[in-house]
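Below you'll find the structure, written out as structure tokens, and then a few comments.
We did not get these values from a lab; they are worked out from the coordinates using the rules stated. Predicted model only: the values in this text are computed from it and were never measured. With ideal geometry, Cβ positions are generated from the backbone for all residues, glycine too; neighbour counts draw on all protein chains shown.
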Amino acid sequence: MSKLILTHEVTGLGAPGDVVDVKNGYGRNFLIPQGFAVPWTRGGEKQIESIKAARAAREHATLEEAQDLKARLQATTVKLTVKSGQGGRLFGSVKTSDVADAVAAAGLGAIDKRKIEITTPIKAVGDHEATIRLRDDITATITLSVVAAK
């Protein structure tokens, strides 16, 4: 087991600034090369504090603001126009960056693509759902209306 400091949010593992114990291969072969984590050292406490300060600045400032944004996101159906072939099958699939761009285009504000989770791949036109983590304790489920580009 190796100790790492997370620099990005990793689903199922932790948030930026968390110190986690993971198997050696997972840390060495995936987390560190992808830039999701750095090795833990004794001098890493300063680094942890700076990561947590940056994370707090990116989070929505107050609980009320996050709840207001959650209500607006869940009340709106976000339209996403993509290229598709016959029968409504998409060329590829919808990515989290596409969802973030569509949310911003709908006038609901900028959402970090790393906070968006698509549980089942979106590979066809129609209505689909995605989850957005606004804070550690608040998640919003949005409805995506995927339509074919003309």
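Which three extents, in whole angstrom, do the alpha-carbon atoms of segment 63-148 cover along their principal axes, largest first?
Here the spans come out as 45, 21, 17 Å, largest first.
Return the distance in nm (one decimal) between the two label points of a simple spin-label model at residue 145 and residue 42, each offset 7 Å from Cα along Cα→Cβ.
6.1
In nm, what is the difference between 0.36 nm times the number of residues separating residue 8 and residue 136 and their Cα-Cα distance?
That works out to 44.7 nm of additional length.
Taking the Cα centre of segment 17-150 as the origin, how large is its charge dipole in debye, to the nearest 20, when only Lys and Arg (+1) and Asp and Glu (-1) carry charge on their Cβ atoms?
I would put it at about 580 debye.
Mind checking the full-extension length gain between residue 110 and residue 81? Use 0.36 nm per residue of separation minus the Cα-Cα distance, one decimal, nm.
So the chain would gain 8.6 nm between residue 110 and residue 81.
If I fit a long axis through the Cα atoms of helix 44-58 and take the longest principal axis of the Cα atoms of the chain, what angle between them do I get, 0 to 90°, rounded to 10?
Tilt of helix 44-58: around 20 degrees.
Evaluate the distance, in nm, between pseudo-label points positioned 7 Å from the Cα of residue 129 and of residue 95 along their respective Cα→Cβ axes.
The answer from the label model is 2.6 nm.
Quick one: grab Rg to one decimal and Dmax as a whole number for segment 1-123, Cα atoms only, in Å.
18.1, 58
Run the numbers on the chain and let me know its relative contact order in percent, using alpha-carbon pairs under 8 Å that are six or more apart.
After rounding, I find 20 percent.
Restricting the count to DSSP beta bridges whose residues both fall in the chain, what percent are antiparallel, rounded to a multiple of 5?
Once the DSSP bridges in the chain are tallied, antiparallel ones form about 75 percent.
Taking the DSSP beta bridges in segment 63-148 as the whole, what percent of them are antiparallel, to the nearest 5?
Taking every DSSP beta bridge within segment 63-148, about 65 percent pair in antiparallel fashion.
Segment 2-58: percent of C-alpha pairs farther apart than 17 Å?
29
I'd like the Karplus ³J(HN,Hα) series for segment 131-141: coefficients 6.51, -1.76, 1.60, θ = phi - 60°, whole numbers in Hz, and an x wherever there's a Gly or Pro.
The phi angles translate into 10, 10, 8, 7, 9, 4, 9, 10, 10, 10, 9 Hz.
Enumerate the calculated ³J(HN,Hα) couplings along segment 13-28 in order (Karplus 6.51 cos²θ - 1.76 cosθ + 1.60, θ = phi - 60°), each rounded to whole Hz, writing x wherever the residue is Gly or Pro.
The phi angles translate into 10, x, 10, x, x, 6, 9, 10, 9, 10, 5, 3, x, 5, x, 5 Hz.
What does the helix-only formula give at 222 nm for the chain: each DSSP H stretch with n ≥ 4 adding -39500 (n - 2.57), the total divided by the residues, and the result rounded to the nearest 500 deg cm²/dmol?
-8000 deg cm²/dmol, from helical runs alone.
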